[in-house]
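Just below is one structure, and these are the notes that go with it.
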Amino acid sequence: MPEGISVEDTSALKNTYSHGDEGCLSAVLSAELLEKFIRGFTGLIPEPIFFFLELPVSGSDDEFELYYLDNCTAPVISTLITEYGQMLINDGLCRFGFGGNESGDEIYVQRYKVMSIYSPDGGRLKKTEKLLKDLGASPVTDLVTPWDVISEENPAVCASVEEDGISAFDLPEMLEKAGMYKAEN
């Protein structure tokens with residue numbers, strides 16, 4: 001599990017993925033594999049690429065503010081992942097993702113770092129599945145996620161993390177000059 005997520009018993013969680021609706025995959029990967037997968041998937045997305053970040057509103061578990069950085073090149077996305085990827089992966093509160101402004105491809109790293117992956121392009125979806133297999137993820141019919149193992153007897157604690165004094169909550173202001181903006185509700 002990422003640093004900002006604590007669950008006592010995670011023995012039922014494995015590096016796995018499953019097929020959903022057409023063009024959709026869901027996946028659970030260890031924190032150690034997430035950055036490699038995200039880099040691989042974003043490398044498949046045709047430019048321009050967007051980055052999005054969801055941050056919880058103070059005191060709320062289900063209300064988030066959404067921020068976008070649109071029309072990025074692949075090198076910009078690679079730099080974002082290099083600079084902030086581990087912090088985003090290890091943060092227990094934020095949700096984030098990347099997608100194609102025009103292609104419709106998207107990866108959404110949700111709460112507890114469960115990933116939803118979409119690609120309308122069958123070839124890119126097959127390459128995505130190969131990326132998962134190359135990282136050791138196994139295809140399964142029923143994906144077991146942290147949601148399935150969390151209970152009163154096995155609670156989860158989520159917290160924000162900092163890397164070099166920076167947290168996910170600092171990114172909207174830090175990336176504002178690069179074009180990051182808050183989505184209208």
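When you check Ser18 against the structure, is it touching a residue at least 40 places away in the same chain (Cβ under 8 Å), in a strand (DSSP E or B) and either in contact with a Cys (Cβ under 9 Å, 6 or more places away or on another chain) or farther than 22 Å from Gly104 by Cα (or both), yes or no? Even if it seems obvious, please write down each step before you answer.
Working: touching a residue at least 40 places away in the same chain (Cβ under 8 Å): yes; in a strand (DSSP E or B): yes; either in contact with a Cys (Cβ under 9 Å, 6 or more places away or on another chain) or farther than 22 Å from Gly104 by Cα (or both): no.
Answer is no for this residue.
The condition (being closer than 19 Å to Ile117 by Cβ, in contact (Cβ under 8 Å) with a residue 60 or more places away in the chain and surrounded by 14 or more Cβ atoms within 10 Å (Cβ to Cβ)) is satisfied by just one residue among Ile81, Ile89: Ile89. Against the condition exposed (fewer than 15 other Cβ atoms within 10 Å of the Cβ), in a strand (DSSP E or B) and among the charged types (D, E, K, R), how does Asp70 come out, does it pass? So Asp70 passes the test.
Of the residues in segment 117-127, none is without any contact (Cβ under 8 Å) to a residue 60 or more places away in the chain, of a type in the set (A, V, I, L, M) and either crowded, with 19+ Cβ neighbours inside 10 Å or within 21 Å of Leu25 (Cβ to Cβ) (or both). The residue that is surrounded by the most Cβ atoms within 10 Å (Cβ to Cβ), among those in segment 156-173 that are of a type in the set (A, V, I, L, M) and more than 20 Å from Leu69 (Cβ to Cβ), is Val161. Within segment 128-149, the residues that satisfy the criterion of being in a loop (DSSP other than H, G, I, E, B) and either among the acidic types (Asp, Glu) or surrounded by fewer than 17 Cβ atoms within 10 Å (Cβ to Cβ) (or both) are Gly136, Val140, Thr141, Asp142, Val144. Selection of segment 95-118 for residues being of a type in the set (S, T, N, Q) and either under 18 Å from Asp61 (Cβ atoms) or modelled with pLDDT of 95 or more (or both) yields Gln110, Ser116.
Kindly establish whether Leu69 is modelled with pLDDT of 95 or more, farther than 19 Å from Ala31 by Cβ and in contact with an Asp or Glu (Cβ under 6 Å, 6 or more places away or on another chain). Steps first, answer last, please.
Working: modelled with pLDDT of 95 or more: yes; farther than 19 Å from Ala31 by Cβ: yes; in contact with an Asp or Glu (Cβ under 6 Å, 6 or more places away or on another chain): no.
Against the criterion (modelled with pLDDT of 95 or more, farther than 19 Å from Ala31 by Cβ and in contact with an Asp or Glu (Cβ under 6 Å, 6 or more places away or on another chain)), Leu69 does not qualify.
Residues in segment 78-95: is at least one of a type in the set (Lys, Arg), within 21 Å of Val140 (Cβ to Cβ) and under 15 Å from the mean Cα position of the chain (by Cα)?
no
Do we find that Glu32 is in a helix (DSSP H, G or I) and surrounded by fewer than 17 Cβ atoms within 10 Å (Cβ to Cβ) in this structure? Yes. It is to be established whether one or more residues within segment 37-51 are closer than 18 Å to Glu129 by Cα, of a type in the set (Gly, Ala, Ser), at pLDDT 95 or above and not in a loop (DSSP other than H, G, I, E, B). Taking every residue of segment 37-51 in turn, at least one turns out to be closer than 18 Å to Glu129 by Cα, of a type in the set (Gly, Ala, Ser), at pLDDT 95 or above and not in a loop (DSSP other than H, G, I, E, B).
When residues in segment 40-61 are screened for being crowded, with 16+ Cβ neighbours inside 10 Å and of a type outside the set (Val, Ile, Thr), 11 of them pass.
A search for C-beta distances below 8 Å between a residue of segment 29-44 that is at negative phi and of a type in the set (D, E, K, R) and any residue that is buried (at least 22 other Cβ atoms within 10 Å of the Cβ) and assigned to a helix (DSSP H, G or I), counting only pairs 6+ apart in sequence or on different chains, returns Glu35/Ile89.
Just checking, how many residues over segment 1-29 are surrounded by fewer than 15 Cβ atoms within 10 Å (Cβ to Cβ), closer than 26 Å to Asn154 by Cβ and among the charged types (D, E, K, R)? Here the count works out to 2.
The values are calculated or read from the model by the stated rules, or taken from the named source; none is laboratory data. Being a predicted model, the structure only gives us computed values, none of them experimental. Note that we place each Cβ from the backbone using ideal geometry, even for glycine, and neighbour counts take in every protein chain shown.
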